[in-house]
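Here the structure is laid out as structure tokens; the discussion comes afterwards.
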Amino acid sequence: MANTAPRVASLLYEVEPGAKVDISGWVRTRRDSKHGFSFVELNDGSCMSNLQVVVNADVPGYEETIKEMTTGSSVRFTGELKESPGAKQRVELHAESLELLGVADAEKYPLQKKRHSFEFLREIAHLRPRTNTFGAIARVRNCVCRAIHDFFQERTFLYVQTPIITTSDCEGAGEMFTVTTLEPSTDGQPVDYAEDFFGKKASLTVSGQLEGEIYATAVGPVYTFGPTFRAENSNTTRHLSEFWMIEPEVPFCDLEGDMQLAEDFIKNIVRRCLDECAEDMKFFNDRIDKTVLETLKNILDNDFKRVSYTEAVELLEQSGKKWEYPVEWGTNLQAEHERWLTEEHFKQPIIVFDYPRSFKPFYMYCNDDGKTVRAMDVLVPGVGEIIGGSQREHRLDVLESRFEECGLDTEEYWWYLDLRRYGSVPHAGFGLGLERMILLLTGMQNIRDVIPFPRTPKNAEF
RNA sequence: UCCCCGAUAGCUCAAUUGGUAGAGCGCCGGACUGUUAAUCCGUAGGUCGUAGGUUCGAGUCCUACUCGGGGAGCCA
């Protein structure tokens, strides 16, 4: 047995009838004809569709084996690929041999030939990739990851691995998980991190941005692509405790360039998925969200609407809507505001920029107006904020005063300030939440269903 | 963390003013069939989330807890 055999996807869409085939996979369903033969629907994860295997009763082993080929069992067939008289497939496999590799007790196997709720499937996350929806998500997610690397590689960005364990805090990004080998204190005494593994308090990263800036100001455009951890007690359909983030950082770049990069980036990913995962994308449109293809086409066909925070506030004030959270210049936009702007008013992705400095972190470039910073958020219908980014403050004196303003210790960020002391340049970057991007692409509602093994408060199974 | 809602068969759900549980699907058995969400008939399958309480009597009412869902905040 070798894993070089063609897979179902190529048999269905590429290989010509007449080919001799050796194929292994899992049974999705079986239909028996009492006096003659059985149809076995074989899936191997290479695509949404199954290979229909026609097994005649005269195939050796048929009588003893076919009843065991229940939903979920693993099987292997050899035979000849033939044109299918059925309307639903181009070709089918006429089996000449059959082999049951692993049984799946039909009485106990949790996946049935019917739809299951996503809540139920979350409880069996080790089996859910065997379903149509989660197989499709896995393929789309893979496509997105490839598209991301290709996008940046084609633009000469360097892929930089920033640390997962870190002793710096990208302030404002959220609560951090502590990494320690110390036993929990039982006497109520505060933990002495000087005694800890790293000799100081260490955490799981909440962002690779600060380290990304180090490389961007040395080797040119870079991007990070890795797991990120937030210990926030967030219980929503859009938050994970462990998620994947892509963070480009570009020297000699201002906010304008940053926004353009973000827009090109998202459009590129959308285009790749539509081109390369057409079958899966059609499934999402048919079964998950009837508007998803239209939404994605809309994204490709239009420039993202750019609106300053100040303009956004004016639009919200003039909307005549009753807001649960009052709109006032100087307060952060709430979900209801963002949703109205992108879903009801503009009905397309928008980029809100130049936010008040009062609620934005220290590293963002301060505008001359003394009130705003060069920050931008990309908001998309259905998902909300998908990208957050900014031009970074590269002026040493301004940055130092911002540290003071934010109550931060410059000593801890000595290396970050060095970047401004020696050869400082304007630079900018952003962070894209991978799982939120996949929500947008698939029309899935809950972020826990677009990552293989979701980690959320009180949940870290598998 | 806050606010709402929920937990009954393997899955999805129903059960009247409180009177000791039903359906569909799935499974299994049978019939039929180049089928493809197959179709038709039948069988089996439940300590009603956990622990208390009210009551002659609780799936149903009350309390606590656990878990799940939706929304909010925080953010990507």
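The values are calculated or read from the model by the stated rules, or taken from the named source; none is laboratory data. Keep in mind that this is a model prediction, so the values were computed, not measured. Don't worry about glycine lacking a Cβ; one is built from the backbone with ideal geometry, like all the others, and counts go over all protein chains shown. Please note that ligands, DNA and RNA were not included when accessible areas were found on the heavy atoms of the full protein model with its side chains. Shrake-Rupley method; radii C 1.70, N 1.55, O 1.52, S 1.80 Å.
Annotations
Residues are listed down the side, and each one gets a yes or a no for (1) at pLDDT 95 or above; (2) within 23 Å of A:P361 (Cα to Cα); (3) charged (D, E, K, R):
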position	(1), (2), (3)
A:P381	no, no, no
A:I387	yes, yes, no
A:S390	yes, yes, no
A:L399	yes, yes, no
A:F403	no, yes, no
A:C406	no, yes, no
A:W414	no, yes, no
A:L432	yes, yes, no
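- Hits in region A:62-80 - residues which are outside any strand (DSSP E or B) and either at positive phi or in contact (Cβ under 8 Å) with a residue 60 or more places away in the chain (or both): A:G72
- Filter pass, A:V59 being in the same structural domain as A:V103 (by TED's automatic domain parsing) and in a strand (DSSP E or B): no
- Residue check, A:S207 closer than 18 Å to A:I387 by Cα and modelled with pLDDT under 95: yes
- Top-ranked residue in region A:264-288 [being within 14 Å of RNA strand B (Cβ to nearest atom) and either of a type in the set (V, I, T) or in contact with a Phe, Trp or Tyr (Cβ under 9 Å, 6 or more places away or on another chain) (or both); ranked as farthest from A:D303 (Cα to Cα)]: A:I288
- Within region A:21-49, the set of residues being open to solvent by less than 30 Å² (accessible area, probe 1.4 Å), assigned to a loop (DSSP other than H, G, I, E, B) and charged (D, E, K, R) comprises just one member, A:D44.
- Identity of the residue in region A:342-386, within 12 Å of RNA strand B (Cβ to nearest atom) and at positive phi, that ends up most open to solvent (accessible area, probe 1.4 Å): A:G382
- Selection status of A:K113, within 8 Å of RNA strand B (Cβ to nearest atom) and within 30 Å of A:C143 (Cα to Cα): yes
- The test for being more than 16 Å from RNA strand B (Cβ to nearest atom), part of a helix (DSSP H, G or I) and farther than 30 Å from A:S46 by Cα does not hold for A:E294.
- A residue that is within 12 Å of RNA strand B (Cβ to nearest atom), over 39 Å from the mean Cα position of the chain (by Cα) and open to solvent by less than 50 Å² (accessible area, probe 1.4 Å) occurs somewhere in region A:61-71.
- A residue that is within 32 Å of the chain's Cα centre (by Cα), closer than 19 Å to A:N132 by Cβ and near RNA strand B (Cβ under 9 Å from one of its atoms) occurs somewhere in region A:28-36.
- Region A:81-106 - residue that is assigned to a loop (DSSP other than H, G, I, E, B) and within 35 Å of the chain's Cα centre (by Cα) and, of those, nearest to A:Q52 (Cα to Cα): A:Q89
- Pairing each residue of region A:420-433 that is at positive phi with any residue that is assigned to a loop (DSSP other than H, G, I, E, B) and surrounded by fewer than 24 Cβ atoms within 10 Å (Cβ to Cβ), provided the two are 6+ apart or on different chains, yields no C-beta distance under 6 Å.
- Qualifying residue in region A:225-234 (condition: over 18 Å from the mean Cα position of the chain (by Cα) and either farther than 28 Å from A:T167 by Cα or more than 11 Å from RNA strand B (Cβ to nearest atom) (or both)): no
- Count of residues meeting criterion [touching a strand residue (DSSP E or B) at 6+ places or on another chain (Cβ under 8 Å) and not in a strand (DSSP E or B)] in region A:396-431: 4
- Close pairs (7 angstrom Cβ cut-off, 6 or more residues apart or separate chains): farther than 21 Å from A:A9 by Cα in region A:86-105, open to solvent by 20 Å² or more (accessible area, probe 1.4 Å) and near RNA strand B (Cβ under 10 Å from one of its atoms) anywhere: A:L100/A:E68; A:V103/A:E68; A:A104/A:T70; A:A104/A:T71
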